[in-house]
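Q: Let me begin by handing over the structure; questions about it come next.
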Amino acid sequence: MQELADKYLKGDRSIWAIVILLSLASIVIALSASSNMAYRLTDGNATPFWFKHVATLILGLVFMIYLQHFKFKYFSRIAQLGIWVAGSLLLVTLAFGKNINSAQRWIMGFQPSDLAKIVLILYVARLLTIKKDKIGDFKEGVLPLILPIVLICGLILPADFSTAFLLGSVCFVMLFVGGVSIKHLGAIIGGAIVLFLFLIMINKATGILPRVSTWETRMVSFFGSEDIAKDSESKIDNFQANQAKMAVANGGWIGQGPGRGSVKNDTYSAQSDFVFATIVEEFGALFGAFTLLMLYMMFFFRSIRATLKTESSFGSYVAFGLSFLLVLQALVNMGVGVNLLPVTGQPLPLISMGGTSILFTCISIGIILNISNNIETKKSVV
Amino acid sequence: MKEKKQIVRVYVVYIGMLVFAVAIFSRIVFLQLMGGGELSAMVEESTVKLVKIDAPRGNIFADNEHKTALALSVPRYDIYMDLVSVDDKVFDKEIVALSDSLARLFKDKSAFDWEQNLRNAKIKKSRYFPIKKDVNHIQLQKIENFPIYNLGQFKGGFIKLPKTKRIPPYGALARRTIGYYKPLTATSKEYKVGLEGAFNDYLEGQNGELLMEKIIGDDWRPIPSSSNKEPIPGKDIYTTIDINIQDVAHDALMNQMIEQNAQKGCAILMEVETGYIKAIANLTNDTVNHVFKESFNHAVGLASEPGSTFKLASLMVALDDGKIRITDSVNMPGKYCFYETCLHDSRVGGYGKNTIQYAFEVSSNVISKIINDNYASTPQLFVDGLKDIGLHKKLGLKIPGEGSPVIKDASDNSFSGISLPWMAIGYEVQQTPLQTLTLYNAVANNGVMVKPQFVKEIRDGNKVIETFGPEVMNFAICKESTLKDVQSMLAGVVERGTAKNIKARGFDIAGKTGTAKIAENGTYSNKYQASFVGYFPASKPKYTCIVVIQGPTKQIYGSLVSGTVFKEIADKVYASGLENTRDQSEELLATMSYPYSKNGSKEELKTVFKKMNVPVKDNASQSAYVITNTNDKHVLMGSKVIPGGLVPNVIGMGLTDALFILESQGLVVKVIGSGVVKNQSLNPGTKLNKGKLIILDLI
């Protein structure tokens, strides 16, 4: 067993432990949360969904094991190339993608934005490393960094506001950590706001961004009262949010037990947006919510440890960016689940079902493990 | 990362995330402290709700071309009253009139009682006072026009809750075999009875879900959403039950049960070749109310000691083992003792010296001695013989509650010195009536034992999704020669044996009587089980039938008590020549190029014809219901005008369509017979009075 672990589980053991715990939790949760969804979608047979989920997790694990052996220096080059691939895929998706809830996010069964997230973070990390000395200069250092961020996020934005916003925020925080001055960061925020208002105005005039109305209604339904919420989509959101609140209240400290959640049966997207509410209902605030929060925060902490210890600056930016993205996603999903934030459609990393999102999460973790692995090996050499 | 500024910034980010996580956890704690009460109030007031839409349950049909329904779902209403919303003045002014109307409509309470109850409810400020359950559409229309209620829900406090109710159009006929299904609820467990229970998974369909939003008052409107789910209607069950034979069997059994004032009884008719059950009647004496009811499926569930009908199996084993020949001579002194216990023949002094065949025909208990003489040293050999036939196994019916047969092994603790001879004549063994019938059916079917079946097909609308053909349980229950022997002995029972009294004219019956004492609480009581099981026509068997009656009070013998019921059923089945009519109608159909069709719903007929590539000429542009006319070129559809205020013409329609049209016009429908409507008691086109009774003759 020890040998086996030594052979396959490189890198930070704590991260491995967290990942394995999360995967196991995910399998249990999926079994209980999927049954209702599966019933809705199929003829009452829940197991296929669950098997698919487990199979995806196993595939993800294989990816992780493979990626930790990968020669790290290649990642920088991959980013340089990948940014073009991701950009073109996003462009193609925007034009021809499959329309789910009037959101064109899918092409060939996966969301290119999942790929774009990783690639952009790698690319920004690469640029931060290259432009290290010119970082104080706006024109020479900061502007070349902002350009790819704006471009990629801009391509994601029409179909998926929350992902674009999240990815933009992560890149922004990377710039912050990368040493961009506060003055320049303020300018970036100002620019982003102006750009966003400009987009809304364009939509008001031309209507070329159908999702903008959805964002508006989501905001309205979250911040406004039900009287203001006029259209059916925001009513459904409200309904779901109330159901989720009921589920959370229903959970108590130790929960109703796996599969026993009653509110789940009425919560539409028990699978993705409100999976956290279901978890709280079935496993309670203590076993469900606290454990998950702890796991994600510990994961972030261990990743930061890698960030600070690793020799290569590129590696440290990558580890920080990827782990921050994952944890931010997790917290945003949880925030939605407990009605702290408006509905976003962000999955809970490793837990929510949905094939490609799990695979890309595993790839991210694999890269982080690779970085931490470099530290460990260095240590043992010394 | 080595720069201090950067390290600080990383920790700043981490602390930020920590704050976020704490906020999430605090929010959970806040929601939980806020408690369910306030939240559920919020959900209650919500203008959006998820509504379950019940899927229509599938129907259960009898076996004929006319889709005669044995069980179908109809709309019914539960009526409640919200007395708070009725204005006090209006209430005082109209309460007498309302009570009077209610009393006249329901007839179960006096106007005075109604008034008392309603006044009390008004004082108690009841918002949900139950008026009446299971009100049908016609009654509903009347109630809606009653004083106070005609003011509607908000001023008149009138609350109606629509629901669907399962009704058996043929009342008690095969009631227990059709059965019922009650889902699991908070207060009761799940009940699965008969076909409704056995095929519930098919019948129930899948409920749908619909997101609804409130518009005004208490009106809800569906919201289009991708998560809405249409209900999937249940599948229809096409049984093997022939409603005409069922009617005959039910009546014949009922008459005898009344005549004998018996405890319980059943009659089953099975098609020899297929094992299809054409009729199954079960009656139990309800001694409290002095009526006979279909309240237990004795045919399927009652495992009891069969008595003499079991002698067939005993002799089959002995014949197969070559221990005896039916021509062997035996002495029948009338008393056969094993250890201390003696068995007696029903004729005092016995039957003298004669063949084994004769002994069987007169049902002499010498058979116990024959079996004992041959197997006393190897009793397990005899038991194995019975098991080879398959008598120790359940039939494996889909209907729940099949009784377990008992065939003891020689090694069993309860297998005593007298077990062997007693088993030989049908004691210390147990079989259900249906199990015994299955054995006799195998004899009629040249040794091939087929499983009794109640369902022919399951259909989704008009599409057949599952068929149940004959299912062979044992390809040869005995040797060819044994089969010939037992067949001739069974014919002899009616020809010259214990069942001479049921000898029929025109066709031969072969069978066996059985008269057994009923064991109660471990000892034999003075009650008897009289049975007759056999097949007809003996030369070319078409049907097998068993009649078992327990606890008759006038006579005890199988031939007299049950044999006569058997004969009545066989006579009517044979006389009505059911198989002949079918052949004729098939011939008739074969001469036409396009199929004959019943009148009915236009859209449904069109769909069917389109599937079958039959050209249709539609002359009925406006009507939902059409009259069909088949000629060489096409099927002509004429308008079936269903004028308001006049009695519609439903002649030529199937029962389901006719019921729908007539009930929707407010008529009370009574059905006689099965098949298509041949005659209606109210002439078409005459003035329609709601609530009037219309009798439909079906053929």
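The values are calculated or read from the model by the stated rules, or taken from the named source; none is laboratory data. In this text the structure is predicted, and so the values were computed from the model without any measurement. So basically every Cβ, Gly included, is an ideal-geometry build from the backbone, and we count neighbours across all protein chains shown. Accessible surface areas use protein heavy atoms only, side chains included; no ligands, DNA or RNA. Shrake-Rupley method; radii C 1.70, N 1.55, O 1.52, S 1.80 Å.
Q: So which pairs qualify, if the first residue must be in the stretch B:317-334 and without any contact (Cβ under 8 Å) to a residue 40 or more places away in the chain, the second must be part of a loop (DSSP other than H, G, I, E, B) and of a type in the set (S, T, N, Q), the Cβ gap must be under 6 Å, and the two must be at least 6 apart or on different chains?
A: Pairs that qualify, where the first residue is without any contact (Cβ under 8 Å) to a residue 40 or more places away in the chain and the partner is part of a loop (DSSP other than H, G, I, E, B) and of a type in the set (S, T, N, Q), are B:Met332/B:Ser364.
Q: Please indicate, with yes or no, whether at least one residue in the stretch B:549-559 is modelled with pLDDT of 90 or more, open to solvent by 10 Å² or more (accessible area, probe 1.4 Å), of a type in the set (S, T, N, Q) and part of a helix (DSSP H, G or I).
A: no
Q: Name the pairs whose Cβ atoms lie under 9 Å apart, with the first residue in the stretch B:1-22 and at the interface with another protein chain (Cβ under 8 Å from one of its Cβ atoms) and without any contact (Cβ under 8 Å) to a residue 60 or more places away in the chain, the second open to solvent by 80 Å² or more (accessible area, probe 1.4 Å) and in a helix (DSSP H, G or I), and 6 or more positions between them or separate chains?
A: From the stretch B:1-22, the pairs are B:Met1/A:Lys309; B:Tyr14/A:Phe301; B:Ala21/A:Met294.
Q: Shifting gears a bit: Please give the number of the condition A:Val336 fails out of (1) of a type outside the set (Ser, Thr, Tyr); (2) open to solvent by 10 Å² or more (accessible area, probe 1.4 Å); (3) in a helix (DSSP H, G or I).
A: With (1) of a type outside the set (Ser, Thr, Tyr); (2) open to solvent by 10 Å² or more (accessible area, probe 1.4 Å); (3) in a helix (DSSP H, G or I) applied to A:Val336, the lone miss is (2).
Q: Follow-up question, since we're still on this one. I'd like to know if the stretch B:527-539 contains one or more residues that are modelled with pLDDT under 70, open to solvent by 50 Å² or more (accessible area, probe 1.4 Å) and on the phi < 0 side of the Ramachandran plot.
A: There is no residue in the stretch B:527-539 that is modelled with pLDDT under 70, open to solvent by 50 Å² or more (accessible area, probe 1.4 Å) and on the phi < 0 side of the Ramachandran plot.
Q: Hey, another quick one. Kindly provide the set of residues from the stretch A:90-113 that are modelled with pLDDT of 70 or more and buried (at least 22 other Cβ atoms within 10 Å of the Cβ), ordered by number.
A: If the condition is that a residue be modelled with pLDDT of 70 or more and buried (at least 22 other Cβ atoms within 10 Å of the Cβ), then A:Leu90, A:Thr93, A:Gln111, A:Pro112, A:Ser113 are the ones that fit.
Q: I've got another one for you. Of the residues A:Leu127, A:Leu166, A:Leu155, which single one is modelled with pLDDT of 85 or more and within 14 Å of another protein chain (Cβ to nearest Cβ)?
A: Result of the check over A:Leu127, A:Leu166, A:Leu155: A:Leu166.
Q: Determine which member of the set B:Ile389, B:Ile399, B:Ile418 is open to solvent by less than 20 Å² (accessible area, probe 1.4 Å), touching a Ser or Thr at 6+ places or on another chain (Cβ under 8 Å) and of a type outside the set (D, E, K, R).
A: One residue alone meets the criteria, B:Ile399.
Q: Right, here's the next one. Could you tell me whether the stretch A:158-167 includes any residue that is more than 18 Å from A:Leu90 (Cα to Cα) and either of a type outside the set (S, T, N, Q) or open to solvent by less than 40 Å² (accessible area, probe 1.4 Å) (or both)?
A: Within the stretch A:158-167 (the criterion being more than 18 Å from A:Leu90 (Cα to Cα) and either of a type outside the set (S, T, N, Q) or open to solvent by less than 40 Å² (accessible area, probe 1.4 Å) (or both)), the answer is no, since none of the residues qualifies.
Q: Consider B:Leu118 carefully, then state whether it is part of a helix (DSSP H, G or I), under 15 Å from B:Ile79 (Cβ atoms) and either without any contact (Cβ under 8 Å) to a residue 60 or more places away in the chain or open to solvent by 60 Å² or more (accessible area, probe 1.4 Å) (or both).
A: Yes.
Q: Sticking with this one: Just to be sure before I move on: is B:Phe20 within 30 Å of B:Asn462 (Cα to Cα), at pLDDT 90 or above and buried (at least 16 other Cβ atoms within 10 Å of the Cβ) in the structure I sent?
A: So B:Phe20 fails the test.
Q: Let me ask something else. For the stretch B:391-409, state whether one or more residues are assigned to a helix (DSSP H, G or I), within 39 Å of the chain's Cα centre (by Cα) and not aromatic (Phe, Trp, Tyr).
A: No, there is no match, as no residue in the stretch B:391-409 is assigned to a helix (DSSP H, G or I), within 39 Å of the chain's Cα centre (by Cα) and not aromatic (Phe, Trp, Tyr).
Q: Tell me whether the stretch B:139-160 contains one or more residues that are surrounded by fewer than 17 Cβ atoms within 10 Å (Cβ to Cβ), hydrophobic (A, V, I, L, M, F, W, C) and assigned to a loop (DSSP other than H, G, I, E, B).
A: no
Q: Continuing with the same structure: How many residues, within the stretch B:304-323, are surrounded by fewer than 18 Cβ atoms within 10 Å (Cβ to Cβ) and of a type in the set (A, V, I, L, M)?
A: Summing the residues that are surrounded by fewer than 18 Cβ atoms within 10 Å (Cβ to Cβ) and of a type in the set (A, V, I, L, M) in the stretch B:304-323 gives 0.
Q: Would you check if there is a residue in the stretch A:117-127 being open to solvent by 40 Å² or more (accessible area, probe 1.4 Å) and of a type in the set (Val, Ile, Thr)?
A: Within the stretch A:117-127, not a single residue is open to solvent by 40 Å² or more (accessible area, probe 1.4 Å) and of a type in the set (Val, Ile, Thr).
Q: Of (1) under 13 Å from the mean Cα position of the chain (by Cα); (2) within 8 Å of another protein chain (Cβ to nearest Cβ), A:Ile351 satisfies all except one. Which?
A: (2)
Q: Only one of A:Phe300, A:Phe276, A:Phe314, A:Phe290 is at pLDDT 80 or above, more than 10 Å from every other protein chain (Cβ to nearest Cβ) and either under 30 Å from A:Gly11 (Cα atoms) or part of a loop (DSSP other than H, G, I, E, B) (or both). Can you tell me which?
A: None of the other options fit; the residue is A:Phe314.
Q: May I pose another question? Return a yes/no flag: does the stretch A:324-340 have any residue that is at positive phi, polar (S, T, N, Q) and within 14 Å of chain B (Cβ to nearest Cβ).
A: yes
Q: Determine, yes or no, whether B:Gly234 is open to solvent by 30 Å² or more (accessible area, probe 1.4 Å) and assigned to a loop (DSSP other than H, G, I, E, B).
A: No; evaluated as a whole, the condition is false for this residue.
Q: Count, please, the residues in the stretch B:300-322 that happen to be in a helix (DSSP H, G or I), more than 15 Å from B:Ser481 (Cα to Cα) and touching a helix residue (DSSP H, G or I) at 6+ places or on another chain (Cβ under 6 Å).
A: Residues flagged as in a helix (DSSP H, G or I), more than 15 Å from B:Ser481 (Cα to Cα) and touching a helix residue (DSSP H, G or I) at 6+ places or on another chain (Cβ under 6 Å) within the stretch B:300-322 amount to 4.
Yes or no, residue by residue, for (1) under 25 Å from B:Ser488 (Cα atoms); (2) open to solvent by 50 Å² or more (accessible area, probe 1.4 Å):
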| position | (1), (2) |
| --- | --- |
| B:Asn282 | no, no |
| B:Val288 | no, yes |
| B:Phe296 | no, yes |
| B:Leu343 | no, no |
| B:Ser363 | yes, no |
| B:Lys369 | yes, yes |
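Q: Just to be sure I understand, how many residues within the stretch B:268-309 are more than 21 Å from B:Val406 (Cα to Cα), of a type in the set (Gly, Ala, Ser) and over 16 Å from the mean Cα position of the chain (by Cα)?
A: Adding up the residues that qualify gives 1.
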